[in-house]
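K.L.:
Questions regarding the structure given below will be posed in turn.
The values are calculated or read from the model by the stated rules, or taken from the named source; none is laboratory data. This structure is a prediction, so every number in the text was calculated from the model and none was measured. With ideal geometry, Cβ positions are generated from the backbone for all residues, glycine too; neighbour counts draw on all protein chains shown. In case anyone asks, the SASA skips ligands and DNA or RNA and just uses the protein heavy atoms, side chains included. Shrake-Rupley method; radii C 1.70, N 1.55, O 1.52, S 1.80 Å.
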Amino acid sequence: MDRLVFDFLGDGAKILEVGCGGGHLAEHIAKRRSDVSLCGVDLALEQIHRAKRRCSAWQDRLTFLQGSVLDLAFPDNCFDAIISVASIKHWPDRVHGLRECLRVLSPGGMLNIIEAERGCRLDSVRAFVDRWRIPGVFKPLSLFWFRTRVAGLGVHIDEAATMLEALNLPEHRVERIDGTPGLLMSGRKA
C-alpha cells in the first residue's frame, strides 16, 4: 500500500482524500510524511467525527469535511494529489465524481483511485481475507461477503479503463494490485 500512496507524492504535497471514512489512511500518511497536508472528505458525518478524533494529533495539517465527490467545495486546481481508497463503488455517478476530482487537482497533479475489482480472481480474494485478523471459522463467510458485497460493487477493470479514457488524461493507467483483489486507477492531470 505504501508504494501506491507515497511514490507519487511530492514534497509538501496538498492531498485530498475522497471517501476518507474514519481517517485510517490519513493517519497512516500523517505518521510517515510530516511534510504533507491532507483534507479528507466523506459524505457520512459520523465518519468525519471519527476521523477528527483519530487524527487529532495532526490537526495542524489534517482537516476533515463532510461533502460529496459530486460537488467538491474547493476551488479549481488546489490539490497536488487526490487519493480515494474503496470509495468509488459508492459514488452515484463515477465519471462525474472523477471529473470533479480533476477539477480540483492542480496541473501535473496525480489522481490515484484504489478499489476492489469486480472481476477479481477467487484466489486473490482468498489470500486477501486470509491476512485478516479474524478467527479462522469466520474466514469462509468473510470470503463470501467480500466477493459479493465489496468486490461485487467494485469496478471492473474494463470499466475503469473506459472511465479514465473519458477524462482525456495525457497519462493514465489501470492495473491490478498484486496479491490483492484490488485495482489501481491512476492518472496525471495535464
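K.L.:
Within the range 147-190, take every residue that is open to solvent by less than 70 Å² (accessible area, probe 1.4 Å) and polar (S, T, N, Q) and give me the one that is modelled with the highest pLDDT.
P.N.:
Ser186
K.L.:
Being open to solvent by 40 Å² or more (accessible area, probe 1.4 Å), within 13 Å of the chain's Cα centre (by Cα) and modelled with pLDDT of 95 or more narrows it down to one residue among His49, His24; which is it?
P.N.:
On the way: His49 fails: within 13 Å of the chain's Cα centre (by Cα).
Unique residue meeting the criteria: His24.
K.L.:
Taking the range 100-151 only, how many residues are acidic (Asp, Glu) and farther than 16 Å from Thr180 by Cα? If you could, list the steps in order and put the result at the bottom.
P.N.:
Taking the range 100-151 as the starting set, the residues that turn out to be acidic (Asp, Glu) are 100, 115, 117, 123, 130.
Imposing the further condition that a residue be farther than 16 Å from Thr180 by Cα reduces the set to 100.
So the count comes out to 1.
K.L.:
Out of the range 135-146, which residues are of a type outside the set (Lys, Arg) and surrounded by 11 or more Cβ atoms within 10 Å (Cβ to Cβ)?
P.N.:
The first filter runs over the range 135-146 and keeps only residues of a type outside the set (Lys, Arg), leaving 135-138, 140-146.
Hits for the range 135-146 are Phe138, Pro140, Leu141, Ser142, Leu143, Phe144, Trp145, Phe146.
K.L.:
Now, a different point. Name the helices (runs of 4 or more DSSP H) wholly inside the range 92-174 in which the number of residues that are touching a strand residue (DSSP E or B) at 6+ places or on another chain (Cβ under 9 Å), of a type in the set (S, T, N, Q) and under 18 Å from Met185 (Cβ atoms) is 1 or more.
P.N.:
Values: elements: 94-104, 122-130, 139-145, 157-166.
Qualifying helices (runs of 4 or more DSSP H): 122-130.
K.L.:
So, one more: Where residues in the range 68-84 are out of contact with any Gly (no Cβ under 8 Å at 6 or more places or on another chain) and either open to solvent by less than 70 Å² (accessible area, probe 1.4 Å) or free of Cβ contacts under 8 Å to residues at least 12 places away in the same chain (or both), which of them is nearest to Leu105 (Cα to Cα)?
P.N.:
Result: Cys78.
K.L.:
So, of the residues in the range 86-127 that are over 14 Å from the mean Cα position of the chain (by Cα) and of a type in the set (D, E, K, R), which turns out to be most open to solvent (accessible area, probe 1.4 Å)?
P.N.:
Within the range 86-127, the match that is most open to solvent (accessible area, probe 1.4 Å) is Arg121.
K.L.:
Can I ask one more? Pull out all pairs, ordered by first then second residue, where Cβ-Cβ is under 6 Å, the residues are six or more apart or on different chains, the first lies in the range 44-67 and is more than 10 Å from Ala26 (Cβ to Cβ), and the second is of a type outside the set (S, T, N, Q) and in a helix (DSSP H, G or I).
P.N.:
These pairs meet every condition: Gln66/Leu45; Gln66/Ile48.
K.L.:
Where the second residue is in a loop (DSSP other than H, G, I, E, B) and open to solvent by 70 Å² or more (accessible area, probe 1.4 Å) and the first is on the phi < 0 side of the Ramachandran plot and lies in the range 129-142, which pairs have Cβ atoms under 9 Å and are six or more apart or on separate chains?
P.N.:
These pairs meet every condition: Phe138/Trp132; Lys139/Trp132; Ser142/Trp132.
K.L.:
Name the pairs whose Cβ atoms lie under 9 Å apart, with the first residue in the range 27-41 and surrounded by 22 or more Cβ atoms within 10 Å (Cβ to Cβ), the second among the polar types (S, T, N, Q) and in a loop (DSSP other than H, G, I, E, B), and 6 or more positions between them or separate chains?
P.N.:
Val41/Ser68
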